[in-house]
1. Rounded to the nearest 10 degrees, what's the angle between the helix B:177-186 long axis and the longest principal axis of chain B, both from Cα atoms, 0 to 90?
2. Going 7 Å from Cα along the Cα-Cβ axis for the label, what nanometre distances separate B:Gly371 from the same residue across the other copies?
3. Could you work out the relative contact order of chain B, using alpha carbon pairs under 8 angstrom and six or more residues apart, expressed as a whole percent?
4. If each label sits 7 angstrom from Cα along the C-beta direction, how far apart, in nm, is B:Gly124 from its counterparts in the other copies?
5. List the residues, sorted by chain then number, that are 5 or more residues from A:Ala293 or on another chain and whose placed amide H is less than 5 Å from its amide H.
6. Relative to the longest principal axis of the C-alpha atoms of chain A, give the angle of the C-alpha long axis of helix A:365-375, reported between 0 and 90° and rounded to the nearest 10°.
7. Give me the net charge for the shell around B:Gly73: Cβ to Cβ below 11 angstrom, other residues only, Lys and Arg +1, Asp and Glu -1.
8. How far, in degrees from 0 to 90, does helix B:308-328 lean away from the longest principal axis of the Cα atoms of chain B, to the nearest 10?
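Laboratory data are not the source of any read-out in this text; all were calculated from the coordinates shown. Predicted model only: the values in this text are computed from it and were never measured. Note: ideal-geometry Cβ built from the backbone for every residue, glycine included; neighbour counts use all protein chains shown.
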Protein chains: 2
Amino acid sequence: MTEQRTLRVALLGAGSVGSQVARLLQEHADDFAERSGARLELAGILVRDPDAPRDVPLPRELLTTDAESLILGADIVIELMGGIEPARTHVLAALRSGADVVTGNKALLATHGAEIFELADQVGASVSYEAAVAAAIPIIRPLRDSLAGDRIVRIFGIVNGSTNFILDSMDRQGLSAEEAQRIATELGYLEADPTLDLEGYDAAQKAAILASLAFHTSVEIDDVYREGISDVTADMIEDARRAGSVIKLLAVCERIADAEGEAISVRVYPALISREHPLASVHGGNNAVFVEAEAAGPLMFYGAGAGGVQTASAVLGDVVSAARRHIAGGVGVGETPRQSLPTARIGRITTRYQITLEVADLPGVLATVAGILSEEQVSVATAMQTVENAGDATARLVIGTHQATEQALSDTVTRLAESSVVTRVASVLRVEGE
Amino acid sequence: MTEQRTLRVALLGAGSVGSQVARLLQEHADDFAERSGARLELAGILVRDPDAPRDVPLPRELLTTDAESLILGADIVIELMGGIEPARTHVLAALRSGADVVTGNKALLATHGAEIFELADQVGASVSYEAAVAAAIPIIRPLRDSLAGDRIVRIFGIVNGSTNFILDSMDRQGLSAEEAQRIATELGYLEADPTLDLEGYDAAQKAAILASLAFHTSVEIDDVYREGISDVTADMIEDARRAGSVIKLLAVCERIADAEGEAISVRVYPALISREHPLASVHGGNNAVFVEAEAAGPLMFYGAGAGGVQTASAVLGDVVSAARRHIAGGVGVGETPRQSLPTARIGRITTRYQITLEVADLPGVLATVAGILSEEQVSVATAMQTVENAGDATARLVIGTHQATEQALSDTVTRLAESSVVTRVASVLRVEGE
């Protein structure tokens, strides 16, 4: 028995995701009415210029530049503008007016999440954001609802499709970083300013959102340790390939407990992963996220990490839930952080390094290098020396360490770089997924 | 602000999952109170014999054999007894008394799902069953909520851990079917009566539940076409391995549209999958489910497909949601089927076959075989003939077909079996995942 009430939906933004949301809401209006228990009436679409040309045709009469009226009259506000302002102002206004909010805005949540969730809690409205992390892949709802009876220990995965496309093209087609970036730009994987993706900011925003939710703690973008992929060269990828590994840009969120107490660590960096690991076969622009919970064990969620229509699927799933909630009444799921775990500085984290050195091809070099590691309390798991160039008597030494703190590992790298037997530190990569 | 209301939870059954649910509810009582917005008080545990020895110690005072009183006094009833009766009677009684129900009982839902969901709708209670399909892997909630704004086209995957363990052991360790089954029994993957798993009944129950939810149609176990793994031999696995494939027991649920109209197909059978496909690397007792939706594209969900504590995680996620709902008020998510798509008979489905024949090693054999396929309108994609045993002049012919209807394919196999040039039909397997 569906009650044919009508809910007014305001759409803010008509870009690649917003235009697909508008199209699907109108094309499948009857389906949405059945699933939501209410007709979802698209009340208006906020755009900068109603007369601008559009890829997906939108009804001219729905386009408006009057945000205030549109938001005030809406039961559900879908924010797909991106960026901090005016998105933040609009979302807060929507919540104050009693509307439920659905957003795909990772930058906004990773910087003003606490403010937004607190207001939502106060007014008893909901904020849903499945589309903010991994496009169509359901990850927010499983973390929030499915695993609500479990304790999440670790999340790690590939949450940025652009950099995965680039690293995957370098690995599978032997492209240089520049070539791979050029193709990624041509195919629309990279924005005009690719820094957000390449330097790991996009992945760091997503990691902050995931960690906040998983650990019931407010994590913002500045709490995330971040390295991008701009130092990853074709040589490093080729070395990894020969050793049975791939390089992936990983987001890692984990609980830690050490002498300093309980904390969380949230970080983004390129890391080596064995080719046997399921994340190694995440190709192109796809995303995949591992979630490890105490009782559930490891779970993986995989799918398209970008795309207008794919992301629209996540937005619309949230819209249907918001509509059901709006009709049923009742409060939203509170997201106000209940724990306030500190974020650990990177030096406190335990990881493994793979350090590739160019060294003089002389007797005693390995002993010197091993001595430095030993003094820094870093154990060697594997060491492989190959003569690179017999002519100038240099060799290559690849050291895989056992687990050690980042502090000890980075101190070790600093000392190795200063050592007289080391010509050059060719690369330093963390090893994950073991 | 958590309102410290108390909700009474009745647990029916204290087997491997139930005892973990009881333990976790008590050990993490404060966590559950915070997450649910109410203290969850374990009011009692229904058991057959309160004095029976137990692996997980349970408070003797909570154990009861009085189902009626326990259920009547509960806000949330967790049914983990398994089997049809008395589970069905208890679940219906719980709903009638206004309790929300959480169940992991796939047999019950696959046979009496319609009755249960209809009653829940009538009384405005919820029935949650994340644990019924893939243990800890969140699949029900993503289908019901995350993809509520999308249209699911196809679900396929590995939903039975026992048979996956057996097939994987045969593939990776070269075991015979008997050896693999013996080890699976020793490790607790197989029940005393292994028929439910081996003959695909367990997978078929899960497929019925998934299809009902995905296609908003009531699908019961009898609507599911089913073949188990008892005909899969070590030779077939070895042949697959050499050809770069693996054999997996797959559950497939899909929408079809043909001259007869729209319908759904729900089926379970062993099938060949390329080793490149993500499902090929699902090892041991793990499960993985692909969901293809119109907008979202393909998504995959992966994790442990069995285990007491893993399944308890899914149960407790449902319990927390039920508790939130119970406090917030509002109606449950209606699961009454809104569409009534017919289930297509197997002959109507389009698949691909790989047919392995033992044939006489004589000129003209391939022509005869190809002629039969052609007369049945089945196109040959690949054909490979190898002389098996030069002594008795027999050869082996492996035919991979293009897509054709099951009717045409099975008619073809019947005619091939009757042909004078064919000594024996060694194996027939469907090919999936391409």
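1. The helix B:177-186 is inclined about 10 degrees to chain B.
2. 8.5
3. With pairs under 8 Å counted, the relative contact order is 16 percent.
4. For B:Gly124, the inter-copy label distances come out at 1.6 nm.
5. A:Val153, A:Leu299
6. 60 degrees
7. With Lys, Arg at +1 and Asp, Glu at -1, the neighbours total -3.
8. 50 degrees
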